[in-house]
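Asker: Before we start, here is the structure in question, set down as C-alpha cells.
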Amino acid sequence: MKEYIFNLPDLLLESGETLASAHVAYRTWGQLNADRDNVVWVCHALTANADVLSWWPGLVGPGCYFDPADWFIVCANVLGSCYGSTSPLDADPATGQPRYQHFPRLSIRDLVAAHEALRQELGLEDIHTIIGGSLGGQQALEWAVQRPDLFDNLVVIATNARHSAWGIAFNEAQRLAIEADPTYAAGQPGGGDDGLRAARAIALLSYRSYSAYVDSQTDPEDHLLREHRASTYQRYQGDKLVARFDAYSYVALSRAMDTHNLGRGRGGIPAALRRVGARTLVLGITSDVLFPLSEQRELANHIPGAMYAELDSRYGHDGFLLETSAITHFLELFYAPTFAH
Ligand SMILES: CC(=O)SCCNC(=O)CCNC(=O)[C@H](O)C(C)(C)COP(=O)(O)OP(=O)(O)OC[C@H]1O[C@@H](n2cnc3c(N)ncnc32)[C@H](O)[C@@H]1OP(=O)(O)O
Ligand SMILES: N[C@@H](CCO)C(=O)O
C-alpha cells in the first residue's frame, strides 16, 4: 500500500515556535462511498506508524471489523515520529542540518493540528469513527474535544484525559536512560541507541503485567546460573525497538505525551470532556498499570452518554494492540442499534 506525503503549511506550535516545511506521511485503504460518510480515522500509539494493517491485525484489514471493503480507512504518522512525518532526523530548513535533540517541543495538540490540516486537505467533512489507544487515544480525545461536530463515533482504549504523574515519571525514567547515552548528546544518526534499548526495557514493565511476566518468563525449576528468561526477554525487546525506531523521535514523542491535558485552558477536564459530541466507547484494560481503569472511568463519567466497558486481559496496557477479538466484541455491542447515545 502506497504511503502519501502531505506538506503542511507552517505550523505554529503550542510552544510558540513555528515548524516550517513540515510534512505528514499517511496511508488510506478502501474507497469513500457516495455519501462520503464511511471514514474511519485511526490514531496510532507511541512507536507505530501509518501502516495500521501491519500493527493492528485482527481489527483493521480484510475480514476484520474495520474491513477496507466497507470503510475508507485513514492512518497518518504523527509529527516527531521516525516513520515518515517530520521528525528530529529531518533537516531544519533554516540550517539544512537535522535538529536531533534540539527538535522543537511538540504537544499532543500539535500532533492533532497536523492531522487536522491533513483532514482538511483530504476534504473529509464527516468522520464516521475515530479510534485510538494509548497515545492514539489521547489524540482522538483531543481532536474530539476540539471538533465536537466532526466525529460521529469516538472509540478510545487504554488512554486518559491527562497524562498522569505516574506516566510522566515512567517517560522521564526512559529519557534519563537515553540521555545517559553519550551518543545521544553527540547528535548523530543512530545516536542514543543504547539508551533507547534500556528505555524500551523500562517501558515494557509498564506495558505488561506481573502475571504476564510470571506466566511467560519464569525460569524452569532447575535453573540456577544460566541467564534468566526475563533478562533475555528485556534485552530482546530493547534490541527489537532499536532495530526499528529512533531515540530522538522517542524522546520527542514521549515529551508530547507528557503534555496531554484535555482540560488545559478549557476550565478543567470535566468541562472539556462535556464538549465531546461523538457517540463514545471507552474501553479499559483490567491489567493496565499505565493507564488504569480509574482513568477510563473518568473519561466515561464526563463524556455525555459514553459507553464504558472493561476488557479482561492478562497482557496489561499492550492489550489494546493484542486483544483484537475482545475489542471487536465491544465494537459490535457499541454499534448495535440497541445502544442509544
Ligand atoms: C515495521 C514495524 O515493525 S512497524 C511497527 C510495529 N510495532 C508497532 O506498531 C507498535 C505496536 N506494537 C507493539 O508494541 C508490539 O508489537 C506488541 C505489543 C503488539 C507485541 O509485542 P511482541 O514483542 O510481539 O510480543 P511479546 O511481548 O509476546 O514478545 C514476543 C517476542 O519476544 C521473544 N521472546 C519471548 N520470550 C523471550 C525471552 N525469554 N528471551 C528472548 N526473547 C523472547 C519472542 O520470541 C518474540 O519474538 P519476535 O517478536 O521476534 O517474534
Ligand atoms: N507498545 C506501544 C506503546 C504503548 O502504547 C508502542 O510501542 O507503540
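The values are calculated or read from the model by the stated rules, or taken from the named source; none is laboratory data. Only a predicted model underlies this, so the values are computations on that prediction, with no experimental measurement involved. All Cβ positions, even for glycine, are placed from backbone atoms using ideal geometry, and neighbour counts span all protein chains on display.
Asker: So Arg255 passes all but one of these: (1) assigned to a helix (DSSP H, G or I); (2) touching a residue at least 60 places away in the same chain (Cβ under 8 Å); (3) more than 30 Å from Gly84 (Cβ to Cβ). Which condition number does it fail?
Answerer: (3)
Asker: Does Phe245 count as hydrophobic (A, V, I, L, M, F, W, C), in contact (Cβ under 8 Å) with a residue 40 or more places away in the chain and touching a strand residue (DSSP E or B) at 6+ places or on another chain (Cβ under 8 Å)?
Answerer: It is false that Phe245 is hydrophobic (A, V, I, L, M, F, W, C), in contact (Cβ under 8 Å) with a residue 40 or more places away in the chain and touching a strand residue (DSSP E or B) at 6+ places or on another chain (Cβ under 8 Å).
Asker: Across the range 52-66, what is the number of residues that are hydrophobic (A, V, I, L, M, F, W, C), near ligand 1 (Cβ under 10 Å from one of its atoms) and either touching a Ser or Thr at 6+ places or on another chain (Cβ under 8 Å) or free of Cβ contacts under 8 Å to residues at least 12 places away in the same chain (or both)?
Answerer: Of the residues in the range 52-66, 1 are hydrophobic (A, V, I, L, M, F, W, C), near ligand 1 (Cβ under 10 Å from one of its atoms) and either touching a Ser or Thr at 6+ places or on another chain (Cβ under 8 Å) or free of Cβ contacts under 8 Å to residues at least 12 places away in the same chain (or both).
Asker: Right, next: Condition first: at pLDDT below 95 and over 13 Å from Val242 (Cα atoms). Now tell me which residues in the range 187-211 satisfy that.
Answerer: Passing the criteria: Gly187, Gln188, Ser209, Tyr210, Ser211.
Asker: Sticking with this one: Would you confirm whether any residue within the range 87-101 is crowded, with 22+ Cβ neighbours inside 10 Å and within 16 Å of ligand 1 (Cβ to nearest atom)?
Answerer: yes
Asker: Can I ask one more? Output the number of residues of the range 26-47 satisfying the condition of being small (Gly, Ala, Ser) and either away from ligand 2 (no atom under 16 Å from the Cβ) or without any contact (Cβ under 8 Å) to a residue 12 or more places away in the chain (or both).
Answerer: So the count comes out to 2.
Asker: What pairs come out if I take residues in the range 264-293 that are within 18 Å of Phe151 (Cβ to Cβ) and pair them with residues that are small (Gly, Ala, Ser) and not in a loop (DSSP other than H, G, I, E, B) whose C-beta lies under 6 Å away, six or more apart or interchain?
Answerer: Arg266/Ala272; Val276/Ala144; Ala278/Ala144; Val282/Ala300; Leu283/Ala309
Asker: Taking the options Ala117, Ala144, Ala158, Ala173, name whichever one is among the small types (Gly, Ala, Ser) and within 23 Å of Thr18 (Cα to Cα).
Answerer: Of the residues listed, the single one that is among the small types (Gly, Ala, Ser) and within 23 Å of Thr18 (Cα to Cα) is Ala117.
Asker: Residues being free of Cβ contacts under 8 Å to residues at least 40 places away in the same chain and in contact with a Phe, Trp or Tyr (Cβ under 8 Å, 6 or more places away or on another chain): count how many of those fall in the range 312-336.
Answerer: Adding up the residues that qualify gives 3.
Asker: Any idea which of (1) part of a loop (DSSP other than H, G, I, E, B); (2) in the same structural domain as Gln188 (by TED's automatic domain parsing); (3) of a type outside the set (Phe, Trp, Tyr) is the one Leu241 doesn't satisfy?
Answerer: Leu241 satisfies all of (1) part of a loop (DSSP other than H, G, I, E, B); (2) in the same structural domain as Gln188 (by TED's automatic domain parsing); (3) of a type outside the set (Phe, Trp, Tyr) except (1).
Asker: Out of Ser294, Ser287, Ser325, which single residue is more than 29 Å from Ala169 (Cα to Cα) and not acidic (Asp, Glu)?
Answerer: Unique residue meeting the criteria: Ser325.
Asker: Do we find a residue being part of a helix (DSSP H, G or I) and either surrounded by fewer than 19 Cβ atoms within 10 Å (Cβ to Cβ) or on the phi > 0 side of the Ramachandran plot (or both) anywhere in the range 273-287?
Answerer: For the range 273-287, residues part of a helix (DSSP H, G or I) and either surrounded by fewer than 19 Cβ atoms within 10 Å (Cβ to Cβ) or on the phi > 0 side of the Ramachandran plot (or both): absent.
Asker: Still on this structure, please answer the following. Within the range 288-305, can you find the residues that are crowded, with 21+ Cβ neighbours inside 10 Å and in a loop (DSSP other than H, G, I, E, B)?
Answerer: Within the range 288-305, Asp288, Leu290, Phe291, Ile303 qualify.
Asker: Here is a follow-up. Return only the number of the condition from (1) farther than 17 Å from His102 by Cβ; (2) within 16 Å of ligand 2 (Cβ to nearest atom); (3) in a helix (DSSP H, G or I) that Asn160 does not satisfy.
Answerer: That leaves (3) as the condition not met.
Asker: Quick check on the range 245-255. Is at least one of its residues within 18 Å of Leu290 (Cβ to Cβ), surrounded by fewer than 23 Cβ atoms within 10 Å (Cβ to Cβ) and out of contact with any Asp or Glu (no Cβ under 9 Å at 6 or more places or on another chain)?
Answerer: Yes, because at least one residue in the range 245-255 is within 18 Å of Leu290 (Cβ to Cβ), surrounded by fewer than 23 Cβ atoms within 10 Å (Cβ to Cβ) and out of contact with any Asp or Glu (no Cβ under 9 Å at 6 or more places or on another chain).
Asker: Here's something else I'd like to know. Looking at the range 249-276 only, could you name the residues that are away from ligand 2 (no atom under 16 Å from the Cβ) and farther than 19 Å from Ala113 by Cα?
Answerer: Gly267, Gly268, Ile269, Pro270, Ala271, Arg274
Quick grid of which residues meet (1) assigned to a loop (DSSP other than H, G, I, E, B); (2) more than 19 Å from His260 (Cα to Cα):
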residue	(1), (2)
Ala94	yes, yes
Asp110	no, no
Glu121	no, yes
Leu141	no, no
Ala177	no, yes
Tyr184	no, yes
Gly187	yes, yes
